[in-house]
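*Asks:* I'd like to ask you about the structure that follows.
The values are calculated or read from the model by the stated rules, or taken from the named source; none is laboratory data. Everything numeric here is computed off the predicted structure, so don't read it as measured data. Positions of Cβ are backbone-derived with ideal geometry, glycine not excepted, and every protein chain shown enters the neighbour counts. These accessible areas exclude ligands, DNA and RNA; they are computed on the full protein's heavy atoms, side chains included. Shrake-Rupley method; radii C 1.70, N 1.55, O 1.52, S 1.80 Å.
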Amino acid sequence: MILTLLTLNISHSMEDKIIAIVNDSVVLKSELNNKLSDINMESVSRLESAKLKKDVLDQLIEESLLEQAANRLGIFISDIDLQNQIKAIAKNKNLTVLQLKEAIDAQDIDYLRYLKNLRKKIQIQELFRTQFTSRAYISEEEIESYLKN
């Protein structure tokens, strides 16, 4: 029985195809399909569907590039940071963490996938904070010059 399940899992993963290579990473067709499954495609024309697939693929490529940049810079999100973010999200929605998990499950979203996506979002936010926001500097002279004009 276990061998059969293992064989089915292996054959399923072998059917997955690489649809983009991003530096040292790949984007799989299953990743694209997962993102597209969140979108209602029934009322979309074939042309709109093709454009939507391209846009989602572009988004996956961009996420991969940002994630690779964050990893190169040593930006990793610990489990504690992730749990603190989950607590903050639950608090903002006036829910407990358990109620938030139940709400996510009620929307047919896999909770582990939700956590993985949240970790990626936090990592990318931290990348932008450390690389861009902290480097933005406006001198007093520039402010005075702007106010004069």
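*Asks:* I need a count of the residues in region 93-149 that are open to solvent by 100 Å² or more (accessible area, probe 1.4 Å) and under 20 Å from the mean Cα position of the chain (by Cα).
*Replies:* 8
*Asks:* In this structure, does residue 30 turn out to be among the small types (Gly, Ala, Ser) and at pLDDT 90 or above? Write out each step before concluding.
*Replies:* Working: among the small types (Gly, Ala, Ser): yes; at pLDDT 90 or above: yes.
Criteria met by residue 30.
*Asks:* Within region 43-76, take every residue that is of a type in the set (Asp, Glu) and closer than 11 Å to residue 124 by Cβ and give me the one that is nearest to the chain's Cα centre (by Cα).
*Replies:* Among those that are of a type in the set (Asp, Glu) and closer than 11 Å to residue 124 by Cβ, it is 63.
*Asks:* Next up: What are the pairs with Cβ atoms under 8 angstrom where one residue, in region 106-126, is farther than 20 Å from residue 64 by Cβ and the other, located anywhere, is of a type in the set (D, E, K, R)? Sequence gap at least six, or different chains.
*Replies:* Once the first residue is farther than 20 Å from residue 64 by Cβ and sits in region 106-126, its partners that are of a type in the set (D, E, K, R) give 111/101; 111/105.
*Asks:* Sticking with this one: Can you name every residue in region 63-85 that is of a type in the set (Gly, Ala, Ser), part of a loop (DSSP other than H, G, I, E, B) and more than 29 Å from residue 98 (Cα to Cα)? Give the derivation first.
*Replies:* Within region 63-85, the subset of a type in the set (Gly, Ala, Ser) is 64, 69-70, 74, 78.
Filter once more, keeping what is part of a loop (DSSP other than H, G, I, E, B): 74, 78.
Across region 63-85, the qualifying residue is only 74.
*Asks:* Something else about it: Check residue 94 against each of (1) assigned to a helix (DSSP H, G or I); (2) modelled with pLDDT of 95 or more and name the one condition it does not meet.
*Replies:* Going through (1) assigned to a helix (DSSP H, G or I); (2) modelled with pLDDT of 95 or more one by one, residue 94 breaks only (1).
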